[in-house]
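Chemist: Quick one: the structure is below, and I'll ask about it shortly.
The values are calculated or read from the model by the stated rules, or taken from the named source; none is laboratory data. The structure presented is a predicted model; accordingly, all values stated were derived computationally and were not measured. Here Cβ is always computed from backbone atoms with ideal geometry, including for glycine, and neighbour counts include all displayed protein chains. Just so you know, the surface numbers come from the protein's heavy atoms only, side chains and all, with ligands and any DNA or RNA stripped out. Shrake-Rupley method; radii C 1.70, N 1.55, O 1.52, S 1.80 Å.
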Amino acid sequence: MSQPPRRSSGTLPGLREPLPWPADKPFRILSIDGGGIRGILPAAMLSEIEKRYLGARCVGDYFDLITGTSTGGIIALGLAIGKTAKAILDLYIEHGDRVFPPARYNVFNIRKAWRWIHSTRHHRYDPAELERPLTEIFGSSKIGDAERRLCIPSFDGFTEVNVFKTPHHPDYKMDWKEDMVTAAMATAAAPTYFPVYKSGQRMFADGGVWANNPVMIGLVDALVCYQLQRRQVHILSLGTGDTEIRFSEGQILYGGLWDWKEIISSAMHLQSQNATGQAGLLIGRDQLVRLNAPPPATGQRPIELDDYARASAELPAIAKKLIDANGDVIRDRFLFAPAAPYPAVYGPRAN
C-alpha cells in the first residue's frame, strides 16, 4: 500500500501573496493552549466573557482567527462553527469523567499502580470516549464549514508538523474537506494518553508536542496571509494552568533518564513561554493579553492533564477570578464589534 504524500511536499518556494486588509481595521486572534481536561479553564473563561459581556452570544464571533492546540483545538473548532463556550464547557463537565476515568482508590492503591504499569507500554484511555462527544458537538461538519479562520496544530506519521487550516487563503487547498472530528481527534491524540489517530492512510498525534501554546501559529499565519502591520494585530491568549519548573536535585547530581522523566512537561512549559515572548516581540507585549492560572502554591501538586475531579472542582472558580481582573480590558480590546465571517476561497462557503 502506497503512503500518502508528505504535506511538506507542497511547500511554497517563495513568499505567500498577502491578501488585502484595511489599514485601519484591527486583526483579532484568539489562541488557546493544550492541556487535556484542564481545557475547562479556557472554556470557563470564555463562558464568563459570554455571560458578562455578550448576552450569551458565541465569543468566537468576535475574532478574525482562532488557533488552538489539543483541548484548545477542540474549543477553537467549536467556536468557529458558532458553538458557545458555555456549550463546550458543558460538554467537558458532562463527559470529562468518562474520557478520563479516575483510577479509583482501593486497598494498597493497586488499581492506580496497575494503571501506571500498564501505561509504560500502552495508552491510558479509550479514544472512543473522546470521539463520542466530539461527534455529538461537530456532527458531520467540515473545516470548510467554519465561519472563523482556523489554525489547528498536529503532527503526522512522517513526524512532520501539520496545521489544519480553513480555506482563508488561495494557498490553503487541502483541509477544507476534512471532518472537524478528524481535526479534533488528531490535535488531541496526546502520546501515552491516547493512541495515534488514524484517518485512512494518515496518522496523527497531538500538536502539543511542538506547539502547546499556538500563539505564534496564529500570528505568523495572519502576518503572511494578509497585508497587516504588526501593530494591527491584537491577541487574546488563554492557558490551561502553569507551573514553575525547577531543576531537581537528581537532575543536578545525576541527570539520568529517571531524573528527566518529566522532560515533556518541561518542554511544553518552555515552548509556551517562548511562544508568548516571541509574539510579544513581534506585535508589542501591550497588544497581547495572556491569561493563565497561577502556579500552584508551594507543596501543592499541579492539576494533571487527566485529573477531571480537580479540574472540574477548581478551575471554574479560577476562571471567574481571571475574568474579574481582566474582563473589562478584554471587552474594550476585542469585543467592540463582531468580526465578519471570513470569505472562503474553497468549499461550501466559497463565492
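Chemist: Name, by its number, the condition in (1) modelled with pLDDT of 90 or more; (2) touching an Asp or Glu at 6+ places or on another chain (Cβ under 7 Å) that does not hold for PRO295.
Modeler: In the conditions (1) modelled with pLDDT of 90 or more; (2) touching an Asp or Glu at 6+ places or on another chain (Cβ under 7 Å), PRO295 misses (1) alone.
Table: residues versus (1) in contact with a Lys or Arg (Cβ under 6 Å, 6 or more places away or on another chain); (2) at positive phi; (3) among the acidic types (Asp, Glu); (4) without any contact (Cβ under 8 Å) to a residue 12 or more places away in the chain.
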| position | (1), (2), (3), (4) |
| --- | --- |
| SER9 | no, no, no, yes |
| LEU12 | no, no, no, no |
| ARG28 | no, no, no, no |
| ARG38 | no, no, no, no |
| GLY68 | no, no, no, no |
| THR71 | no, no, no, no |
| LYS83 | no, no, no, no |
| GLU94 | no, no, yes, no |
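Chemist: Here is a follow-up. In the set VAL209, VAL215, which member is within 12 Å of the chain's Cα centre (by Cα) and more than 23 Å from ILE81 (Cα to Cα)? Talk me through it step by step, then tell me what you get.
Modeler: Details: VAL215 fails: more than 23 Å from ILE81 (Cα to Cα).
So the residue among VAL209, VAL215 that is within 12 Å of the chain's Cα centre (by Cα) and more than 23 Å from ILE81 (Cα to Cα) is VAL209.
Chemist: Next up: Condition first: open to solvent by 20 Å² or more (accessible area, probe 1.4 Å) and part of a helix (DSSP H, G or I). Now tell me which residues in the stretch 52-61 satisfy that.
Modeler: ARG52, TYR53, ASP61
Chemist: Output the residues belonging to the stretch 304-351 that are farther than 30 Å from HIS168 by Cα, in contact with a strand residue (DSSP E or B) (Cβ under 7 Å, 6 or more places away or on another chain) and aliphatic (A, V, I, L, M).
Modeler: Selection gives LEU322 alone.
Chemist: Here is a further query. Using the structure shown, decide if GLY78 is under 26 Å from ALA313 (Cβ atoms), open to solvent by less than 20 Å² (accessible area, probe 1.4 Å), in contact (Cβ under 8 Å) with a residue 24 or more places away in the chain and assigned to a loop (DSSP other than H, G, I, E, B).
Modeler: No, not satisfied.
Chemist: What are the residue pairs meeting all of these: first residue in the stretch 318-345, first residue open to solvent by 80 Å² or more (accessible area, probe 1.4 Å), second residue part of a helix (DSSP H, G or I) and hydrophobic (A, V, I, L, M, F, W, C), Cβ atoms under 9 Å, and 6 or more apart or on different chains?
Modeler: LYS320/ALA44; LYS320/MET45; ARG331/ILE49
Chemist: Identify all residues within the stretch 135-176 that are within 23 Å of SER237 (Cα to Cα), of a type outside the set (Phe, Trp, Tyr) and either without any contact (Cβ under 8 Å) to a residue 60 or more places away in the chain or outside any loop (DSSP other than H, G, I, E, B) (or both); write none if there are none.
Modeler: Residues satisfying the conditions are ILE143, ARG149, LEU150, CYS151, ILE152, PRO153, SER154, VAL161, ASN162, VAL163, LYS165.
Chemist: Right, something else. Is it fair to say ILE49 is touching an Asp or Glu at 6+ places or on another chain (Cβ under 8 Å), at pLDDT 95 or above, open to solvent by less than 50 Å² (accessible area, probe 1.4 Å) and part of a helix (DSSP H, G or I)?
Modeler: For ILE49, the condition - touching an Asp or Glu at 6+ places or on another chain (Cβ under 8 Å), at pLDDT 95 or above, open to solvent by less than 50 Å² (accessible area, probe 1.4 Å) and part of a helix (DSSP H, G or I) - is not met.
Chemist: Given the residues ALA222, ALA184, which is the only one that is under 24 Å from GLY139 (Cα atoms), open to solvent by less than 10 Å² (accessible area, probe 1.4 Å), in contact (Cβ under 8 Å) with a residue 60 or more places away in the chain and not in a loop (DSSP other than H, G, I, E, B)?
Modeler: Checking each option against the conditions leaves just ALA184.
Chemist: Please enumerate the residues belonging to the stretch 283-317 that are under 28 Å from ALA222 (Cα atoms) and surrounded by fewer than 17 Cβ atoms within 10 Å (Cβ to Cβ).
Modeler: GLY284, ARG285, ASP286, VAL289
Chemist: Can I ask one more? Just for the stretch 159-181: of the residues that are of a type in the set (Val, Ile, Thr) and either surrounded by fewer than 21 Cβ atoms within 10 Å (Cβ to Cβ) or more than 21 Å from TYR62 (Cβ to Cβ) (or both), which one is nearest to the chain's Cα centre (by Cα)?
Modeler: Our first condition is that a residue be of a type in the set (Val, Ile, Thr); within the stretch 159-181, this holds for 159, 161, 163, 166, 181.
Checking which are either surrounded by fewer than 21 Cβ atoms within 10 Å (Cβ to Cβ) or more than 21 Å from TYR62 (Cβ to Cβ) (or both) leaves us with 159, 161, 163, 181.
On the way: THR159: 19, VAL161: 15, VAL163: 12, VAL181: 14 Å.
Applying the filter and picking the extreme gives VAL163.
Chemist: Still on this structure, please answer the following. If you go through the stretch 124-132 one residue at a time, do you hit one that is at pLDDT below 90 and outside any loop (DSSP other than H, G, I, E, B)? Full working, then the answer.
Modeler: Let us first name the residues in the stretch 124-132 that are at pLDDT below 90, namely 124.
Going one step further and asking which of them are outside any loop (DSSP other than H, G, I, E, B), we end up with none.
The answer is no, given that none of the residues of the stretch 124-132 is at pLDDT below 90 and outside any loop (DSSP other than H, G, I, E, B).
Chemist: May I ask you to list the residues in the stretch 225-240 that are surrounded by fewer than 24 Cβ atoms within 10 Å (Cβ to Cβ) and in a loop (DSSP other than H, G, I, E, B)?
Modeler: Selection gives GLN227, LEU228, GLN229.
Chemist: Sticking with this one: Could you list, in sequence order, all residues of the stretch 14-46 that are aliphatic (A, V, I, L, M) and either under 19 Å from LYS320 (Cα atoms) or exposed (fewer than 14 other Cβ atoms within 10 Å of the Cβ) (or both)?
Modeler: LEU15, ALA23, LEU30, ILE32, ILE37, ILE40, LEU41, ALA43, ALA44, MET45, LEU46
Chemist: Can you go through ARG301, ARG310 and tell me which one is among the basic types (Lys, Arg) and not in a helix (DSSP H, G or I)?
Modeler: Details: ARG310 fails: not in a helix (DSSP H, G or I).
Only one candidate passes the filter, namely ARG301.
Chemist: Restricting to the stretch 143-158, and then to whatever is under 19 Å from the mean Cα position of the chain (by Cα) and closer than 16 Å to ARG202 by Cβ, can you tell me which residue is most open to solvent (accessible area, probe 1.4 Å)?
Modeler: By that ranking, first place goes to PHE155.
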